[in-house]
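Since every read-out is calculated from the coordinates, none of them should be taken as a lab result. A quick note: this is a predicted structure, and the numbers were derived from the prediction, not measured. Here Cβ is always computed from backbone atoms with ideal geometry, including for glycine, and neighbour counts include all displayed protein chains.
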Amino acid sequence: MHRYYFKMLLMIAIVAFCILFGVSVAKQGVDRVHGGTADEAVLVKKDSSENEKLLLQLQRERKAREQLQTELEKARADKEKQLDALGNTRVYASDNSNMNGIGNRLGDLVQGAARGVISVFAGLFDAF
């Protein structure tokens, strides 16, 4: 019975580590894609004058982003009008066959590595 409890404890520890590590990696990925929250950027310092300066800077950056967004939308609308004037002859030419092949090979490599790791852990449990 002692081996059974040791195996179960080891398995629970591994699963807990994997879950916590996965949550951490997912959080970092979301922060990288969407950026940090504005609250973290503004409330770093406790000095109110520093917070006001940071708040003003963030507001200026937000206005600049909004202005760039409107300019981008205008440019996109103009481009759409030009394309419509040409008679809606849009050609989408993209050759992603090389990237698809690389992605498939990389996926196969990761899958093989995962199978190897699983077999190593299964072997460890069989050894105890």
How many nm separate the modelled label positions at Q111 and A26, each set 7 Å beyond the Cα in the direction of the Cβ?
2.3 nm
Rounded to one decimal in nm, the spacing of the 7 Å Cα→Cβ label points at I102 and A16 is 4.1 nm
